[in-house]
Structures are given as C-alpha cells and as structure tokens.
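Enquirer: Have a look at this one before I ask anything.
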Amino acid sequence: MAETRHTKVLIIGSGPAGYTAGVYASRAMLAPILVQGIEPGGQLTTTTEVENWPGDTEVQGPDLMVRMEAHAKAMGTEIIGDIITSLDLSERPFKAQGDSGTLYSCDAVILATGARAKWLGLPSEEKFKGFGVSACATCDGFFYRGQEIVVVGGGNTAVEEALFLTNFASKVTLVHRRDTLRSEKILQDRLMKNPKIETLWFHEIEEVYGTDMPLGVEGVKVKHTQTGVITDLPCKGVFVAIGHAPANELVKDTLQTHMGGYVLTKPDSTETSIPGVFAAGDLTDHKYRQAVTSAGMGCMAALEAERFLAEENS
C-alpha cells in the first residue's frame, strides 16, 4: 500500500530557493519535507565556476548546491529524492503525488521548481554545455575576457546579453534567424550603436565545435536560413538566449501566471493566488534569475508560510 506522509510545510524543488526555504522553515520548527525533483540542485548543477555568490570568490556550482543541501539537512529539513507528478491545491491539506508512489499532504506548500533555459536542441550544444556553451551571460561572461563570443536570439534577453558581454569580449556576434529583432526599440538602438557587436541576420546555429582535451569551444557553423550556405564562425563562447521556460507544469492550470507562465505572486511577497501556497525563485522571477535572489525569495516564502500557519492556528 502506498505511503502517505504529512508535513506542515512541503517544499517542492531543490535549487537555492528550495534549500533556503528548508533552512528557514526548519529554524521555525516546522519540520519541513523537501522533495528534490527531477534535477536535484537545479540549474547551478550545470554551471561550473560561480563567482557571484556572496562569500565565495569562486565556487563550483555543483559544490555550492551540495553545501546548501547539507545545510538544510543539518537544520532539520527532511530531504527526499522523489519527483512530484501532480499537485492538488483544491482543498487543505494540499496533496502532492510522488513518482515513488508516496502521497505527500501538507498544510502549506512552497513551490521552488525553477525555470529551464530553452536550448537549441543540438547534440554538439549538449556536449559543450558548461564548457563554452551557456545560457547565462551574468553567470559566465566574465570567463571570456578578450575573446570572441556568439549570442543566439532576437528578443530582449539576447540583446541584453549581447550588450552585457561587450564588457568582457573583444567582439560579440548576434546570430538571428530573421532580419528584425523582437526586443524593445531602446535596446535595439544600443545594440546598433555598440562598435563591439556585429549582427548576423538570417542565420541559425548548425553545429558547435571545439576541442575534446580539454573540452572547449572553438567556433560554430552557421547556416543561412534562405540560401542554406554554411559559414564557419570562430568563437570561444556561445550564449543561447532564446528565453527561459518556468517549470510550472504542476500549477499552470491552478495558479495565476503571467509573462509567459511565471507564477504570479503578490507585490513584495511570495504569496500566490491560493492562500497557503507560496512560490519562490525562478518559477516566479522573469527578471533577475540569479541564485542569490532565488535564495532570498526562499527565505521570504518560509517566513510567510510560518506566519500563515501561525495565523491559522491562533
């Protein structure tokens, strides 16, 4: 017979938001259960050097997440390697079905399922992820000082990343499959005026190539979308900026969302459209998408969950 587990606070997701929520919920003596999900540690586990986490001049992404997990566990969070496949928020206690067969029930839930960068879907892109292929200029741009870089995309994210990367790169080539950008006009104006940026219209990435020992990018092959002609474009870094998709599968039909599926929270809060349901990190954040801001929201969610439960019991 399938096991049923009840907890005051169920945390779904195990990135910086989830683990920080675990630390704070544990300190509030709420004995939370945290279900890690399909990618324990979240997006930081696919990053190498992290240089913008306060207190660490440099730390490996996976190492940072191991430390966060250990911290949450030491505080008293029960961490379970399971995947939540469905979530019933129609009544309290809320119910979450685990892939393991376990049914989790809870008085409050903190959603910290994160977001996933959209990728091109190329085998060569997969090979060099974290070794020259990135989806975060803020995270990895620093490593390409004086190098030539390619950015892929045509929206606000792509243009913002191209502009940001000019702080480090000797040259940035923006590769876009059309001849017009979807980004805001003010960003397009800055892009066109920047002498370090060259725009390659009507092109898409066909292949990323590089060295195997050590693993590193040496360039990309780009294909003209109209003529099919393949061109070689040397570069040391490839930044894929075709957007992010919030991991909202559990709640997209039950919670209010905005900006393409990000869970909507109340101003200056992690409260969602259902009382007792809180959301933190990249699931709600279409703007900053940083580990430190996610951790801050995880803290907020736990404190708000504690207050919500206290008021319920008063």
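Enquirer: Name the residue, out of THR45, THR199, THR211, whose mean-square fluctuation peaks in a Gaussian network model built on the chain with Cα pairs under 10 Å.
Expert: THR211
Enquirer: Now a separate question. Can you give the helix-only mean residue ellipticity at 222 nm for the chain, where every DSSP H stretch with n ≥ 4 adds -39500 (n - 2.57) and the sum goes over all residues, rounded to the nearest 500 deg cm²/dmol?
Expert: Working: 7 runs with 78 residues, N = 314.
That comes out to -7500 deg cm²/dmol.
Enquirer: Mind listing the long-range amide H neighbours of VAL175? Cut-off is under 5 Å, sequence gap 5 or more, other chains count too, H placed in the peptide plane at 1.01 Å from N.
Expert: The answer is VAL151, VAL152, GLY153, LEU200.
Enquirer: Also: Of all the C-alpha pairs in the range 119-240, what % are more than 24 Å from each other? Display every interim value, and only then the final one.
Expert: Details: 1394 of 7381 pairs.
Cα-Cα pairs in the range 119-240 separated by more than 24 Å: 19 percent.
Enquirer: Another question, if that's okay. Mind checking which helices in the chain clear 15 Å along their axis (Cα) and have mean Kyte-Doolittle hydropathy of -1.0 or more, DSSP H runs only? Write out the running numbers ahead of the final one.
Expert: Working: long enough: 16-27 (17 Å, -0.12); 61-75 (21 Å, -0.10); 291-313 (33 Å, 0.32).
The answer, listed by residue number, is 16-27, 61-75, 291-313.
Enquirer: Still on this structure, please answer the following. At what distance in nm do the modelled label points of HIS258 and PHE202 sit from each other, each positioned 7 Å from its Cα along Cα→Cβ?
Expert: Each label point is offset 7 Å from its Cα along the Cβ direction, giving 4.0 nm.
Enquirer: Separation between the PHE143 and ALA74 pseudo-spin-labels, each 7 Å from Cα along Cα→Cβ, expressed in nm?
Expert: So the label points at PHE143 and ALA74 sit 2.7 nm apart.
Enquirer: Okay, moving on. Based on a Kirkwood Rh over C-alpha pairs, give the Stokes-Einstein translational diffusion coefficient of the chain at 20 °C and viscosity 1.002 mPa s in µm²/s.
Expert: Numbers: Rh = 20.7 Å.
For the chosen part, D equals 104 µm²/s.
Enquirer: Moving on. What Cys residues in the chain are without a partner cysteine, judged by a Cβ distance under 4.7 Å?
Expert: CYS106, CYS235, CYS299
Enquirer: Out of the DSSP beta bridges found with both residues in the range 115-227, what percent are antiparallel (nearest 5)? Walk me through the numbers before you get to the answer.
Expert: On the way: 9 of 19 bridges.
Of those bridges, close to 45 percent are antiparallel.
Enquirer: Lysines near LYS236 by alpha-carbon distance under 23 Å, same-chain residues fewer than 8 away left out - which ones?
Expert: List returned: LYS118, LYS127, LYS129, LYS171, LYS196, LYS221, LYS223.
Enquirer: What is the fewest-to-most order of HIS286, HIS244, HIS6 by other Cβ atoms lying within 10 Å of their Cβ? Intermediate results must be reported in sequence, preceding the final value.
Expert: Working: HIS286 17, HIS244 22, HIS6 13.
The order, fewest Cβ neighbours first, is HIS6, HIS286, HIS244.
Enquirer: Let me ask something else. If I take R0 = 41 Å and measure r between the Cβ atoms of GLU184 and GLU3 in this structure, what FRET efficiency does the formula 1/(1 + (r/R0)^6) give, to the nearest 0.05?
Expert: It comes to 0.20.
Enquirer: Here is a follow-up. Taking the Cα centre of each part, how many Å lie between the range 265-314 and the range 225-260?
Expert: 26
Enquirer: Based only on the alpha carbon positions, what is the Kirkwood hydrodynamic radius of the range 167-297, in angstrom? Can you show the working numbers first?
Expert: On the way: mean 1/r = 0.0555 Å⁻¹.
Hydrodynamic radius (Kirkwood, Cα pairs) of the range 167-297 is 18.0 Å.
Enquirer: Also, I was wondering about something else. For the range 177-227, how big is the tail of P(r) above 12 Å, as a whole percent of Cα pairs?
Expert: Numbers: 927 of 1275 pairs.
Above the 12 Å cut-off, the range 177-227 has 73 percent of its Cα pairs.
Enquirer: In the chain, what percentage of the DSSP-assigned beta bridges are antiparallel, given to the nearest 5?
Expert: Details: 30 of 63 bridges.
Approximately 50 percent, going by the DSSP bridge assignments.
Enquirer: Taking the Cα centre of each part, how many Å lie between the range 67-136 and the range 150-195?
Expert: For the range 67-136 versus the range 150-195, the Cα centre distance is 32 Å.
Every number in this text was worked out from the coordinates using simple rules, so none of it is lab data. Just so you know, these numbers come straight off a predicted model, no measurement behind them. Note that we place each Cβ from the backbone using ideal geometry, even for glycine, and neighbour counts take in every protein chain shown.
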